[in-house]
Amino acid sequence: MNKFLVVLACLLWIDGLLAQSVDFAPVGAKWYINQIVLEPIPADSFIIVEVTGEEVKAGQLCRVIENLSGCGLPNPAHLFSRNDSVFFYSAVTNEFELLYDYTAQVGSKWTVKGLSIYGGKDVQVEVTNVFPWAFGADTLQAMTIKTNPSYIWGLYILEKIGGRDYLSPTDTEDCGFGPGLYMPNVIRCYEEDGKTYNFNPEFECDFYKDISSTSDVTSGHHITVVPNPARDIVRISGWAEPGIWSLVDMNGRNVLEIFCNDGGTFQEAGNLSSYLPGMYHWHFISLDGRSMTSGVLVIAP
């Protein structure tokens with residue numbers, strides 16, 4: 001009887017361990033994060049945020065995350081996971097504070113304390129939806145959130161990966177993108193244990209693209225958009241037939257359309273001074289709809 005009770009207790013203990021979630025961000029995990037660089041040429045580039053090892057902080061064994069560029073969390077950051085929640089060590093409160101609560105359901109709320117942005121002000125988080133997010137054969141739990149104050153963090157928090165845009169609520173001017181440059185959906189990929197979760201499988205995690213002047217040539221068009229980055233006036237040239245040049249923000253909204261009538265070297269000018277700084281996509285579509293060329297334009301602050 002005693003042996004049976006001991007075996008039962010062991011089985012229950014093991015079952016409890018198995019019921020816990022996989023550790024958040026194991027050693028070697030990497031996030032590939034979009035970054036616009038202006039030198040030596042304007043380009044769509046990236047940085048890698050990586051879990052470089054383990055270290056004891058304030059008596060707690062933590063994962064060390066480096067190369068965060070000051071995006072809300074300290075750099076390096078010390079995080080650990082327990083009971084489906086993730087905690088970080090705050091340089092403001094000198095304590096471990098809750099970052100993610102993966103047990104949260106619709107209507108659940110938690111508070112993120114001790115971030116370095118805006119004087120360590122508390123950020124209230126509320127879950128508005130919980131749903132599965134498919135990555136090939138894998139399915140991760142995701143939640144949509146809203147925050148108060150409305151800091152830039154992204155609409156989604158995903159199991160394993162964390163915030164869809166940034167790992168914590170953040171001040172974008174400290175994130176390596178330049179003053180005023182905000183890029184949503186900045187996490188391209190997340191890697192751990194040889195597995196890659198790519199948010200845009202059309203591109204490799206480490207793609208690098210020159211965005212200084214032109215796009216690819218498509219159906220006879222070789223559109224030039226200069227200067228890039230631009231602050232006020234941008235000049236467009238190089239289309240082979242009449243069409244519409246449109247500027248699209250990162251939320252998919254058309255914010256500017258220019259009718260391009262003549263072909264050849266004729267230029268059209270657009271005034272961008274009223275638009276928010278950041279990264280935009282542009283498209284040129286011929287009037288018959290048979291050809292399209294696209295590229296990226298950065299509006300500087």
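Nothing in this text is a laboratory measurement; each read-out follows from the coordinates by a stated rule. Source: prediction; values computed, not measured. As a convention, Cβ positions derive from the backbone with ideal geometry for all residues, glycine included, and neighbour counts pool all protein chains shown.
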Taking the Cα of Lys146, stepping 7 Å toward and past its beta carbon, and measuring to each backbone N in the range 105-119: which are under 17 Å? 105-111
Sequence-distant or interchain residues sharing an amide H contact under 5 Å with Phe135, placed H: which? Leu140
Can you sort Leu140, Leu68, Leu158, Leu167 by how many other beta carbons sit within 10 Å, fewest first? Leu140, Leu158, Leu68, Leu167
For the range 45-159, inverting the pair-averaged 1/r of distinct alpha-carbon atoms gives a Kirkwood value in Å of 15.2 Å
How far, in nm, would the chain grow between Val92 and Thr111 when pulled straight, counting 0.36 nm per residue and subtracting the alpha carbon separation? 5.4 nm
Would you order Thr103, Thr52 from fewest to most other beta-carbon atoms within 10 Å of each residue's own beta-carbon? Thr103, Thr52
Sequence of Val49, Val130 once ranked by neighbouring C-beta atoms within 10 Å, starting from the fewest: Val130, Val49
